[in-house]
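Here is the structure we will look at.
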Amino acid sequence: METSFGAGLPAVNLDREQFERAVVNLVDNAAEAMQDSLVKKLYIATQPGAAETVELVVADSGCGVSPDEKEKLFLPYFSTKNRGTGLGLAIVSHIVAEHNGTIRVEDNQPAGARFTVEIPALIEPEPAEIAAHPAAVKV
């Protein structure tokens, strides 16, 4: 397992329990995808994203996801496994959407899948905005 947690990332507004559930589902899926792989590498990172977001990346060296599967992966009851409910990634997608975020899956290089979650950063108001609208600032 390799981790890389970005320093100085902006704050995000998360329900800690819900987001933990999403991360656990992603890590569990990665572990299952690597079950038959000779090389088992799990990569978890946080980093700045595009357009004032923070990214969480969970990548594995498993069997990967076909283009057809990528289109259905986040649908309820769709599964690439012989067991399970097919709800894990649907739950992850729902939790991410509740946080106004997005999730996407890509091929990991040289093998496996790479899931990227983008969550909007909390934007601190400028001092001039606070002075103009003091009642709008939450303390």
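Taking square-rooted eigenvalues a ≥ b ≥ c of the alpha carbon gyration tensor, is the range 1-54 rounded, prolate or oblate, where a/c under 1.5 means rounded and, failing that, a/b exceeding b/c means prolate?
Oblate is the answer for the range 1-54, as a/c is 1.5 or above yet b/c matches or exceeds a/b.
Other residues lying with their Cβ under 15 Å from the Cβ of Pro48 contribute a combined charge of -3, Lys and Arg counting +1, Asp and Glu -1.
P(r) tail for the range 52-123, what percent of Cα pairs lie past 16 Å? Mind dumping the intermediate values first?
Numbers: 1358 of 2556 pairs.
Counting every Cα pair in the range 52-123, those more than 16 Å apart make up 53 percent.
How far is helix 16-33 tilted, in degrees, relative to the longest principal axis of the Cα atoms in the chain, given as a value from 0 to 90 rounded to the nearest 10? Value to nearest ten degrees: 20. Amide H to amide H distances under 5 Å link Val12 with Leu122, where only residues 5 or more positions off or on other chains count and H is placed in the peptide plane.
Residues of the range 25-54 falling in the label zone of Thr80, defined by backbone nitrogen less than 14 Å from a point 7 Å along Cα to beta-carbon, are 26-37.
Based solely on its DSSP helices, what 222 nm [θ] is calculated for the chain when runs of n ≥ 4 H residues each add -39,500 (n - 2.57) and the sum is averaged over all residues, nearest 500 deg cm²/dmol? After summing the helix terms and dividing by the residues of the chain, the value is -8500 deg cm²/dmol.
Can you give the extra length, in nm with one decimal, that the chain gains between Asp28 and Ser66 once fully stretched, where that is 0.36 nm per residue apart less the Cα-Cα distance? Working shown, then result.
Values: separation 38, 0.36 × 38 = 13.68 nm, distance 1.89 nm.
Full extension from Asp28 to Ser66 adds 11.8 nm.
Taking percent of Cα pairs over 18 Å apart straight from the coordinates, which label in (1) 53; (2) 59; (3) 64 is the correct one? Identified label for the calculated read-out: (2). With the highest mean first, a sort of the peptides 87-94, 15-22 on other beta-carbon atoms found within 10 angstrom per residue produces 87-94, 15-22. For the Cα atoms of the chain, what angle does the longest principal axis make with the long axis of helix 88-98, in degrees from 0 to 90, nearest 10? Once rounded, the angle reads 10 degrees.
Note that the range 107-118 has calculated 3J(HN,Hα) couplings of 6, 8, 10, x, 8, x, 10, 10, 9, 10, 9, 10 Hz, one per residue in order, obtained from phi through the Karplus relation 6.51 cos²θ - 1.76 cosθ + 1.60 (θ = phi - 60°); glycine and proline are x.
Read-outs throughout are calculated quantities, based only on the coordinates presented, and are distinct from any laboratory measurement. All values derive from a computational prediction rather than experimental measurement. Counting neighbours? That spans all protein chains shown, and the Cβs are built from the backbone with ideal geometry, glycine included.
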